[in-house]
Amino acid sequence: MVSLGFVAWSQTANDGLMMSNKNLCTGFILSQDQWTNYWEGTRLRENGNIGTLKTQSLAWMGNYGVSGKFNIIAMLPYVRTEASAGTLKPMQGMQDASLSFKYQVFSIKPDSLTTVKIFAVAFGSTPISDYTPDYLPLSIGLGSRQIGARLSVFAKRKSWYVVSSAGHYFRGQVQLDRQSYYTNGELFLTNRVAMPQVFDWVSGIGRIKNGLETKLSFTHYRTLGGGDIRRQDMPFVSNRMNMSRIEFLTMYYLPKARRLALRASIARTISGRNVGESTTVLGGILYTFKF
Amino acid sequence: MKQQLLTSKYWLLLLVLSFVSCEPLQQDENFAPTSIAPPTEEDAVNWKLIPGAPVSNLAQVSVPVPTATTSSDYAAELETIRGLQKNLSSEQKKIIAKWSSGGVLRWNRYMRELVARFALAPAPLLDGTYPTPDAENPFSDPVFPFSNPPYAARAYSYVSVAQYQALQVAWFYKFKYNRPAPHQVGEGIEALVPKSTLPAYPSEDAVMSAVTCDLLKVLFPTAVEEITKMAAEQRNAALWSGKASPSDLSAGLALGKSIAALFTARASGDGMRNAIGTKAQWMVLADSASVRLKKIGRDVSKEVFWKSQDSPVRPPMLPFFGKVKGWILAPSDFTNRRPGPPPSTTSNEMAKELEEVKFYSKNSTRERIAIVHFWADGLGTYTPPGHWNDIAANYIQQEGWSEIRSARAFALLNMALHNAAVGCWEAKYYYFNPRPTQLDASIKTLTGLPNFPSYPSGHSTFSASAAKVLTYLFPEGTEQFKAWRDEASISRLYGAIHYRIDTKAGVEHGSLLADPLIDFAAADGADN
């Protein structure tokens, strides 16, 4: 039920790679996320009035190297949702634009085969269309502005690398179209919803060789507050959405045109709370311009 | 230069923080403590009783003669209050402030919270059937009750009418015995709420706490602990604030309990227990509707009747709620006011209606979605009757009314909303008309599809009945209530779950059902 902008984004902001000075890597990423079972609180169930929920997104991405140590990453996703059963109308539209500032804080080469780097990332995102967040699970997003920061440690030896990254996000209040709502055991008589903060942690191991990068990673995403979906209730924007995901990613730089790269990944939510037990398939094409 | 740099950093920080505005939520109605005591409303002893309601005579429940304020027993009670007032904690002062904005408003708000908490339909079992919430086993899954709109309308009405009648009896005895409040007679006893000359025996707070507590315990049994604590809190606030003595409270408590018993007796025999019906009864609903339409000369061979579109198929919501006892109106008053039949599902007129629904389904705008969601009041909310209570509470709060006048307003509103539920559900199952999505599967809705027949629209009926009562009570809001009524009504067409005819018939029906209540209100003597 959490929109997937962050999945595609996190790859670039979390990884240990930097665009070189005055290089722009840009392209489009297409993804499809779907689930049939979801966690109503901690209870895994299906819902005959939803069937399978499919969320497709097409995102533009740009990563610009202001310098070899400082990158700016932007994302602009278009999202579409659809339920295979029930009567609820699909939704679509521009979701949340995001901007990240990635800075290489530290770099050391203990020997000629090994590199260790530390990155700090500042992140901000904002909804760029007036979509309704109060129509879950068919809302295209949560309608909340976010700011956050993350720290990543990247270590590479020969062609192998490990990366670990943790982030913390503050989310702004969300405005609903209605004047009252009930969540987390309380009736609220306002159209504004306070959004709990989010913490995430990603760890991965990968290999880059002959223009082919492969990576296996684990994401631990926790909402630090919020209520559960009650029995047979609809999900709500400030629910405590938690998930643990496993992702396999591959990126291929074409041998003849090394500026052109293809990206593909598959991710699966293996445990969660107030989210779908989803599988996400993602494909992207990226091109690097040199200025 | 350095100074400038610091300033720009500061602004950057402010900019970043304002980006995710973290100002605290204004999460509640502005139930500020009143600074002026409400009128004592001595004339309320002459207000007519609601015809057919459980209390038919003010002396029906007796309240014993109180001890004199000069007695040693009473002096001991005053001493108790003095002792309590000396050691009030900030927590206790907060409780006094909370209740001083009006008990009727407080309880109404709490009742809306209870309805929202329980407004969830049972989840299906693995075999595709649905368990029924059981009043005898309320803590199981599904919990009891499922406070859907008719259940909620009935619940709001029982509590509101019982509070009003209990306060009418309390007022009768207050002015019969005329025993002043402790803060008026007790040396050194402070009035921690605005001073009023309203006689204190029996305590209106105790009466209200007891009658509300006993009814809510029946209506929402699993919340018993919370309800009981809240009732005790209201009585404590009256005691600590110098408003009522222990004997004012105990007389009020006894009176409230006696009146609650009259209402729970009515509730157990008002037809609600049969409103869900049985599988055998559900099976013949379509056939019965078919027979009725045939009688008025319609060719029913191709007529389409309502079916549940939930998956798995869910039993219809309260098909026999139309037989539940109304307030003031007799069963024949409901059937006489039933809207005429909707057009045949095979007619051109219906095809046009369906075309319009399809248009709104396909061409949903952001503005229309906002209207749909503003009025949806679906599962997990305080329901449409709760929404109109919310609206009423904001008006009542601004008036600075006495408890008894506020209670009258909620009683009138909630009797109308309950009658709207009875009348509307009677008509819905009488005609058993299908939803637009049943006639055309390509229609997608912008809110949850209700699991009961389409014609007439419940939101429209509720809103028209409520708007009519509120217009009587607050004539300055006439245009506003009408605008809200129409918006609530049309929101169901915008949401693609109702035809325009459903909304029109509902508005007319709701208005018609409220008329007898307005006639009563105009003649009960309260507005002279």
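The values are calculated or read from the model by the stated rules, or taken from the named source; none is laboratory data. It should be emphasised that the depicted structure is a prediction, and the values quoted were computed from it without experimental measurement. All Cβ positions, glycine included, derive from the backbone under ideal geometry; neighbour counts span all protein chains shown.
What helices (runs of 4 or more DSSP H), lying completely within segment B:63-126, carry at least 2 residues that are closer than 17 Å to B:GLU403 by Cβ and among the basic types (Lys, Arg)?
Per the criteria, B:103-118.
Here's a check for you: in segment B:392-430, which residue that is closer than 24 Å to B:PRO39 by Cα and acidic (Asp, Glu) is surrounded by the most Cβ atoms within 10 Å (Cβ to Cβ)?
Only one residue tops the list, namely B:GLU403.
Considering only residues that are within 13 Å of chain B (Cβ to nearest Cβ) and of a type in the set (Ser, Thr, Tyr), look in segment A:128-158 and name the one that is nearest to the chain's Cα centre (by Cα).
A:SER144
Residue-by-condition table, conditions (1) in the same structural domain as B:MET415 (by TED's automatic domain parsing); (2) over 30 Å from B:ALA155 (Cβ atoms); (3) hydrophobic (A, V, I, L, M, F, W, C):
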position: B:LYS295; (1), (2), (3): yes, yes, no
position: B:MET317; (1), (2), (3): yes, no, yes
position: B:ASP333; (1), (2), (3): yes, no, no
position: B:GLU349; (1), (2), (3): yes, yes, no
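Take A:SER98 and tell me if it is in contact (Cβ under 8 Å) with a residue 12 or more places away in the chain and within 11 Å of another protein chain (Cβ to nearest Cβ).
Values: in contact (Cβ under 8 Å) with a residue 12 or more places away in the chain: yes; within 11 Å of another protein chain (Cβ to nearest Cβ): no.
In short, no.
Considering only segment B:351-362, how many residues are of a type outside the set (Phe, Trp, Tyr) and free of Cβ contacts under 8 Å to residues at least 60 places away in the same chain?
Residues flagged as of a type outside the set (Phe, Trp, Tyr) and free of Cβ contacts under 8 Å to residues at least 60 places away in the same chain within segment B:351-362 amount to 4.
From (1) within 10 Å of chain A (Cβ to nearest Cβ); (2) without any contact (Cβ under 8 Å) to a residue 40 or more places away in the chain; (3) of a type in the set (Val, Ile, Thr), pick out the condition that doesn't hold for B:THR365.
All conditions pass for B:THR365, except number (1).
Could you go through segment B:346-361 and let me know if any residue there is on the phi > 0 side of the Ramachandran plot and buried (at least 23 other Cβ atoms within 10 Å of the Cβ).
Scanning segment B:346-361 turns up no residue that is on the phi > 0 side of the Ramachandran plot and buried (at least 23 other Cβ atoms within 10 Å of the Cβ).
Being of a type in the set (A, V, I, L, M, F, W, C) and crowded, with 20+ Cβ neighbours inside 10 Å is the filter here; which residues of segment B:113-142 pass it?
B:LEU114, B:VAL115, B:ALA116, B:PHE118, B:ALA119, B:LEU120, B:ALA121
Say we look at segment A:37-71 and pick out the residues that are hydrophobic (A, V, I, L, M, F, W, C) and crowded, with 16+ Cβ neighbours inside 10 Å; which of these is nearest to the other protein chains (Cβ to nearest Cβ)?
So the first thing to find is which residues in segment A:37-71 are hydrophobic (A, V, I, L, M, F, W, C), and the list is A:39, A:44, A:50, A:53, A:58-61, A:66, A:70.
Now narrow it down to the ones that are crowded, with 16+ Cβ neighbours inside 10 Å: A:39, A:50, A:53, A:59, A:61.
Working: A:TRP39: 14, A:ILE50: 9, A:LEU53: 14, A:ALA59: 21, A:MET61: 22 Å.
Result: A:ILE50.
For segment B:193-212, indicate whether the set of residues that are crowded, with 19+ Cβ neighbours inside 10 Å, free of Cβ contacts under 8 Å to residues at least 24 places away in the same chain and on the phi < 0 side of the Ramachandran plot is non-empty.
no
Please name all residue pairs, on different chains or six or more residues apart, with Cβ atoms under 6 Å, provided the first residue is in segment B:117-145 and is free of Cβ contacts under 8 Å to residues at least 60 places away in the same chain and within 11 Å of another protein chain (Cβ to nearest Cβ) and the second residue is outside any loop (DSSP other than H, G, I, E, B) and among the small types (Gly, Ala, Ser).
Within 6 Å, no pair qualifies.
Does segment B:406-423 include one or more residues that are within 30 Å of B:PRO202 (Cα to Cα) and within 13 Å of chain A (Cβ to nearest Cβ)?
no
Has segment B:156-174 got any residue that is at pLDDT 95 or above, of a type in the set (Phe, Trp, Tyr) and not in a helix (DSSP H, G or I)?
Scanning segment B:156-174, I find no residue that is at pLDDT 95 or above, of a type in the set (Phe, Trp, Tyr) and not in a helix (DSSP H, G or I), so the answer is no.
In segment B:162-190, which residues are within 30 Å of B:LEU219 (Cα to Cα) and of a type in the set (Ser, Thr, Tyr)? Spell out how you get there, then give the answer.
Initial filter on segment B:162-190 (within 30 Å of B:LEU219 (Cα to Cα)): B:162-174.
Once the filter is applied, which keeps residues that are within 30 Å of B:LEU219 (Cα to Cα) and of a type in the set (Ser, Thr, Tyr), segment B:162-190 yields B:TYR164, B:TYR173.
Taking the residues in segment B:368-394 that are more than 9 Å from chain A (Cβ to nearest Cβ) and not hydrophobic (A, V, I, L, M, F, W, C) as candidates, determine which candidate is nearest to A:SER129 (Cα to Cα).
B:ARG368
Looking only at segment B:301-322, count how many residues are of a type in the set (S, T, N, Q) and either closer than 16 Å to B:SER344 by Cα or not in a loop (DSSP other than H, G, I, E, B) (or both).
Within segment B:301-322, residues that are of a type in the set (S, T, N, Q) and either closer than 16 Å to B:SER344 by Cα or not in a loop (DSSP other than H, G, I, E, B) (or both) number 1.
Would you call A:ILE270 away from chain B (no Cβ under 14 Å), under 30 Å from B:SER311 (Cβ atoms) and at pLDDT 95 or above?
yes
Against the conditions (1) under 25 Å from the mean Cα position of the chain (by Cα); (2) under 24 Å from B:GLU204 (Cβ atoms); (3) surrounded by 14 or more Cβ atoms within 10 Å (Cβ to Cβ), where does B:ALA275 fall short? Just the number, please.
Result: B:ALA275 fails condition (2) only.
I'd like the residue in segment A:106-127 that is among the β-branched types (Val, Ile, Thr) and away from every other protein chain (no Cβ under 14 Å) and, out of all such residues, is surrounded by the most Cβ atoms within 10 Å (Cβ to Cβ). Walk me through it before giving the result.
Residues of segment A:106-127 among the β-branched types (Val, Ile, Thr): A:108, A:114-116, A:118, A:121, A:126.
Then keep just the ones that are away from every other protein chain (no Cβ under 14 Å); that gives A:108, A:114-116, A:118, A:121.
Working: A:ILE108: 10, A:THR114: 12, A:THR115: 16, A:VAL116: 15, A:ILE118: 16, A:VAL121: 21.
Applying the filter and picking the extreme gives A:VAL121.
List pairs: first in segment B:440-454 and within 11 Å of another protein chain (Cβ to nearest Cβ) and crowded, with 21+ Cβ neighbours inside 10 Å, second part of a loop (DSSP other than H, G, I, E, B) and aromatic (Phe, Trp, Tyr), Cβ under 9 Å, 6+ apart or cross-chain?
From segment B:440-454, the pairs are B:LEU446/A:TYR135; B:THR447/A:TYR135.
For segment A:183-215, give me each residue that is surrounded by fewer than 21 Cβ atoms within 10 Å (Cβ to Cβ), facing chain B (nearest Cβ under 9 Å) and closer than 29 Å to A:VAL121 by Cβ.
Matches in segment A:183-215: A:ARG192, A:ALA194.
Of (1) more than 30 Å from B:ALA121 (Cβ to Cβ); (2) in contact with a Ser or Thr (Cβ under 6 Å, 6 or more places away or on another chain), A:SER217 satisfies all except one. Which?
Here A:SER217 clears every test but (2).
Given the criteria under 22 Å from B:SER344 (Cα atoms) and buried (at least 24 other Cβ atoms within 10 Å of the Cβ), does B:SER460 qualify?
yes
Among the residues of segment B:484-507, is there at least one that is without any contact (Cβ under 8 Å) to a residue 24 or more places away in the chain, out of contact with any helix residue (DSSP H, G or I) (no Cβ under 6 Å at 6 or more places or on another chain) and in the same structural domain as B:ALA286 (by TED's automatic domain parsing)?
yes
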